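Each remark here refers to the structure printed beneath this line.
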Amino acid sequence: MAKKGDMLYAWTNDAEIKKKAELGGAVTAIWKHALDSKAVDAVLVISKGTDLYDAKPVLIKDSKELANTAGSLHCGTLLLPKLIKKYMDGAANMKIGVTVKGCDAMAFYELAKRKQINLDNIVMIGVNCGGSVSPVLARKMIKEKYGVDPDKVHKEEIDKGQFIIEYEGGHKGISVDELEEHGFGRRSNCRRCKMKIPRQADLACGNWGVIGEKAGKATFV
Ligand code: SF4
């Protein structure tokens, strides 16, 4: 039995989640258990909308729908607490699980201080975050710096200081520093961010810290 403060590598044994997962699927599997055991009424996650540049918030009540939301998007700039405040009565009547970046976690605490969110009804899983890119700028950057049609890109990630894209016919990475020198790359608030690992969440997870044979296949908790 794990206890508070323990650190471990985790991955899912759910075949459906495993197919879509990028880093072992541990976060999605935890939410599946939370929904199935009724620890939460719903889970609010980010999912891919019409394309890679369209981050769409989805409120999930049936754990069977979770597998489709596994993985991460870096070209979306949503702040989830604001949506809960505005459209879900600040979690007044519903227990909601939320996957959060550092800035989401900070926003939760700020809204709670102002009594606009009921933190007793929020369960947070924090994920490490290297930054996000404005969707409009991401399209321009991929076209001008990578020489690739943005609509042909099916995956992007920030890894080891590089923004990497996978597209029909190949993959390409350019250092984030170089991109930012040319006016592209992460949003300016992400460059200043000091909350890249949201330790104030109920669980802090991510791919950072996973080394050896499990790198890319497990989540650090
Ligand atoms: S780097 Fe910081 S501000 Fe930017 S999305 Fe991540 S947590 Fe939010």
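For segment 1-35, name all the residues that are among the hydrophobic types (A, V, I, L, M, F, W, C), without any contact (Cβ under 8 Å) to a residue 60 or more places away in the chain and not in a loop (DSSP other than H, G, I, E, B).
Those that are among the hydrophobic types (A, V, I, L, M, F, W, C), without any contact (Cβ under 8 Å) to a residue 60 or more places away in the chain and not in a loop (DSSP other than H, G, I, E, B): 15, 17, 29.
Which residues, taken from segment 106-123, are within 13 Å of the ligand (Cβ to nearest atom) and among the aliphatic types (A, V, I, L, M)? Can you show your working first?
At the first step, the residues of segment 106-123 found to be within 13 Å of the ligand (Cβ to nearest atom) are 106-108.
106, 107, listed by residue number.
Restrict the check to segment 124-143 and report whether at least one residue is part of a loop (DSSP other than H, G, I, E, B) and charged (D, E, K, R). Full working, then the answer.
Taking segment 124-143 first, the residues part of a loop (DSSP other than H, G, I, E, B) are 128-134.
This time we only want the ones that are charged (D, E, K, R), so: none.
No, every residue in segment 124-143 fails to be part of a loop (DSSP other than H, G, I, E, B) and charged (D, E, K, R).
Could you run through segment 36-64 and say how many residues are surrounded by 16 or more Cβ atoms within 10 Å (Cβ to Cβ), of a type in the set (Gly, Ala, Ser) and more than 17 Å from residue 87 (Cα to Cα)?
Within segment 36-64, residues that are surrounded by 16 or more Cβ atoms within 10 Å (Cβ to Cβ), of a type in the set (Gly, Ala, Ser) and more than 17 Å from residue 87 (Cα to Cα) number 3.
Which one of 103, 75 is more than 19 Å from residue 195 (Cβ to Cβ), within 13 Å of the ligand (Cβ to nearest atom) and not in a strand (DSSP E or B)? Write out each step before concluding.
On the way: 103 fails: more than 19 Å from residue 195 (Cβ to Cβ).
Answer to the selection: 75.
Looking at (1) of a type in the set (A, V, I, L, M); (2) modelled with pLDDT of 95 or more; (3) within 16 Å of the ligand (Cβ to nearest atom), which is the only condition residue 39 fails?
(3)
Taking residue 99 as meeting all but one of (1) surrounded by fewer than 16 Cβ atoms within 10 Å (Cβ to Cβ); (2) touching a Leu at 6+ places or on another chain (Cβ under 9 Å); (3) touching a residue at least 40 places away in the same chain (Cβ under 8 Å), write down the number of the exception.
Every condition holds for residue 99 apart from (1).
Would you mind finding the one in 104, 6 that is of a type in the set (Asp, Glu), buried (at least 18 other Cβ atoms within 10 Å of the Cβ) and not assigned by TED's automatic domain parsing to the domain that holds residue 150? Steps first, answer last, please.
Numbers: 6 fails: buried (at least 18 other Cβ atoms within 10 Å of the Cβ).
From the options 104, 6, the qualifying one is 104.
The values are calculated or read from the model by the stated rules, or taken from the named source; none is laboratory data. Just so it is clear, the structure is predicted and the values come from calculations on it, not from any experiment. Backbone-built Cβ (ideal geometry, glycine too); neighbour counts: all protein chains shown.
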